[in-house]
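Single-structure report; data block below.
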Amino acid sequence: MQDAAWWEAKYQRGEDGWERGAPNPALLQWVDQGLLAPGAQVLVPGCGRGHEVVELAKRGFAVVGIDFAPSAVQALRARLAQEGLAAEVVESDLFAFQEGPFDAIYEQTCLCALDPARWTDYERWLFARLRPGGLLLALFMQTGAEGGPPFHCDLLAMRRLFAEERWEWPASPPLFSPHPSGRFELGFALRRKAAS
């Protein structure tokens, strides 16, 4: 299983092919559609250098980003300070972070970076971090390949993982988001149900 040192080494070696250098267009589309209420509290797990954290802070959302790679966290904090933006950036193992509930969670490249053996734990963690009715803005990585990271997030597996007893899936088709690696992600805005 990949730990903080493993991810930090990838940043240090410049092996960060998931970086696009700008916010994901899918996030911008969701925000422009008005899915997030003004001032909403948004959590960004596995935020890396935090282009989405910066964009959400610019738009007036109360943002918390989490990552456990020190260089990514330092880069994000420096950028926020340089641009005079307010956001909380937490250097921590994901599962050690127990704050919440949040109005929304932006999930991109975190699920696919986790060993699939931890996916059920991650789903429970996401559910616990969201308020009832809150949104999980999820981008599911499509690799079509074995192994990882990134791990392929097969949509049938995602339907089982984010089961309808706990999550309301949208009726609209997913957003298509090309990835810098040549792969692509499929975006869904899932709503957390009240059931636990």
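Rule-based calculations on the coordinates, nothing more; no lab input. As the structure is a prediction and not an experimental result, all values here were calculated from the model. Neighbour counts are summed over all protein chains in view; Cβ atoms, including those assigned to glycine, are modelled from backbone coordinates with ideal geometry.
Could you size up the charge dipole of the chain around its Cα centre, putting +1 on the beta carbon of Lys and Arg and -1 on that of Asp and Glu, and report it in debye to the nearest 20?
The calculated dipole for the chain is roughly 360 debye.
Per residue, what volume in Å³ does the Cα convex hull of the chain take up?
112 Å³
Per residue of the chain, what 222 nm ellipticity follows from adding -39500 (n - 2.57) for every DSSP H run with n ≥ 4, rounded to the nearest 500?
Value at 222 nm, helices only: -8500 deg cm²/dmol.
For a quick protection proxy, order the peptides 39-49, 98-108, 78-88 by their average other-Cβ count within 10 Å, most packed first.
By packing density, highest mean first, the sequence is 39-49, 98-108, 78-88.
Under the definition of Cα pairs under 8 Å and six or more residues apart, what whole-number percent is the relative contact order of segment 32-176?
Relative CO of segment 32-176 lands at 20 percent.
Under a crude label model (7 Å from the Cα following the beta-carbon direction), how far is R131 from E168 in nanometres?
1.5 nm
Among S172, Q108, V90, which residue has its Cα furthest toward the positive end of the charge dipole of segment 70-196, with +1 on Lys/Arg Cβ and -1 on Asp/Glu Cβ?
Of S172, Q108, V90, it is S172.
Using all alpha carbons of segment 55-123, what is the percent of pairwise distances in each 10 Å bin, ordered from the shortest bin to the longest?
Whole-percent P(r) values from 0 Å outward: 17, 49, 30, 5.
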